[in-house]
1. Got at least one residue in the range 21-29 being touching a Phe, Trp or Tyr at 6+ places or on another chain (Cβ under 7 Å) and either part of a helix (DSSP H, G or I) or surrounded by 18 or more Cβ atoms within 10 Å (Cβ to Cβ) (or both)?
2. List the number of the failed condition for N86; all other conditions in (1) surrounded by fewer than 21 Cβ atoms within 10 Å (Cβ to Cβ); (2) in contact with an Asp or Glu (Cβ under 9 Å, 6 or more places away or on another chain) hold.
3. Collect the residues in the range 217-232 that are closer than 25 Å to K183 by Cβ and surrounded by 11 or more Cβ atoms within 10 Å (Cβ to Cβ), keeping them in residue-number order.
4. For the structure I just gave you, tell me whether A87 is under 27 Å from S156 (Cα atoms), touching a residue at least 40 places away in the same chain (Cβ under 8 Å) and of a type in the set (A, V, I, L, M).
5. Filter the range 36-68 for residues that are β-branched (V, I, T), open to solvent by 20 Å² or more (accessible area, probe 1.4 Å) and either under 17 Å from H89 (Cβ atoms) or without any contact (Cβ under 8 Å) to a residue 24 or more places away in the chain (or both) and give the result.
6. Does any residue of the range 144-151 turn out to be of a type in the set (A, V, I, L, M, F, W, C) and either more than 15 Å from the chain's Cα centre (by Cα) or under 24 Å from Y64 (Cβ atoms) (or both)?
7. Step by step: first the residues of the range 118-132, then only those that are closer than 16 Å to T90 by Cβ and of a type outside the set (A, V, I, L, M, F, W, C), then the one that is surrounded by the fewest Cβ atoms within 10 Å (Cβ to Cβ). Which residue is that?
8. Find the residue count for the range 249-260, including only residues that are surrounded by 13 or more Cβ atoms within 10 Å (Cβ to Cβ) and under 14 Å from M177 (Cβ atoms).
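The values are calculated or read from the model by the stated rules, or taken from the named source; none is laboratory data. Everything numeric in this text was worked out from a predicted model, so none of it was measured. Counting neighbours? That spans all protein chains shown, and the Cβs are built from the backbone with ideal geometry, glycine included. Heads up: the accessible areas ignore ligands, DNA and RNA and are worked out on the full protein's heavy atoms, side chains in. Shrake-Rupley method; radii C 1.70, N 1.55, O 1.52, S 1.80 Å.
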Amino acid sequence: MIQNVVMIGAGNLATQLSIALHENGIEVLQVYSRTIESAKILADKVNSRYTNLLKDIVPNANLYIFALSDKALQAVLDQISLPIGNAVHTAGSIPMDIFENYTKHFGVFYPLQTFSKQRKVDFSDIPICIEANNIGLEEDLFQLGERISSNLNSISSEQRKQLHLAAVFTCNFANHMYSIGQKLLEEKDVDFKLLTPLIQETAQKVIDLNPLSAQTGPAVRFDEEIMTSHQKALKDTPDFQKLYSFVSESIFKMHFENNK
């Protein structure tokens, strides 16, 4: 059973996961970050020790959680000298076997959500995707997950990579569209908050129906008059104009193929 962890990383996910574990009875023994300031800020939130030196990471923790960027994970693993025992990473696209040459017991503990340091999240219904290279660790990870969430899933590395790709489209790309919308409104001194009910209703419709059925707008109808008007309005921002045309064409093609 996992009663304590070492958090390797102090970014958005590491911060929120550390807080959730701490609040649900799991001891965060230590926080490591490349910068001592970041390590201290998170450690203070979870009553933990902290370090910015890999050589000073405490040994014999029940679990080492590598909540790092994809680029940083391999570099940190190459620099750790102590035996790390049970180890997991929290990345969407990195295979589990990145740990193969570093420890005998390893896996993945991947919360599927967007995280920010400043915004506390409720983990209770966040999907946590779990993978392990042995049954014992998998059971321990599920028990750990149950401390913070009711939505636990056994997901392979291949499935998780596809899930992460889908998440980039549905979260990161969607948020980029919000940013474009905000910029367009700012040009005419219109408050972005006017779109809040629309954003909320769109998200709820996707849940209640499905994305394909929930799709509305001129591209579905192939309303050339409106789309041409929109493209003319974007003449001063050619990148947005190209994006508008490409996405509109993609929407129309998907619905045309679906209705054949």
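1. First, the residues of the range 21-29 that are touching a Phe, Trp or Tyr at 6+ places or on another chain (Cβ under 7 Å): none.
No, the range 21-29 has no match at all.
2. Failed condition: (1).
3. Scanning the range 217-232 gives G217, P218, A219, V220, D223, I226, M227, T228, S229, H230, Q231.
4. So A87 fails the test.
5. I36, the sole residue that qualifies.
6. Residues of the range 144-151 that are of a type in the set (A, V, I, L, M, F, W, C), as a first pass: 144, 148.
Remaining after also requiring either more than 15 Å from the chain's Cα centre (by Cα) or under 24 Å from Y64 (Cβ atoms) (or both): 144, 148.
So far as the range 144-151 goes, yes, one or more of its residues are of a type in the set (A, V, I, L, M, F, W, C) and either more than 15 Å from the chain's Cα centre (by Cα) or under 24 Å from Y64 (Cβ atoms) (or both).
7. Here is the first cut: in the range 118-132, the residues closer than 16 Å to T90 by Cβ are 121, 123, 126-132.
From what is left, the residues that are of a type outside the set (A, V, I, L, M, F, W, C) are 127, 131.
Working: P127: 16, E131: 22.
Here the answer is P127.
8. At the first step, the residues of the range 249-260 found to be surrounded by 13 or more Cβ atoms within 10 Å (Cβ to Cβ) are 249, 251-252, 254-255.
Narrowing further to those that are under 14 Å from M177 (Cβ atoms): 251.
Total meeting the criteria: 1.
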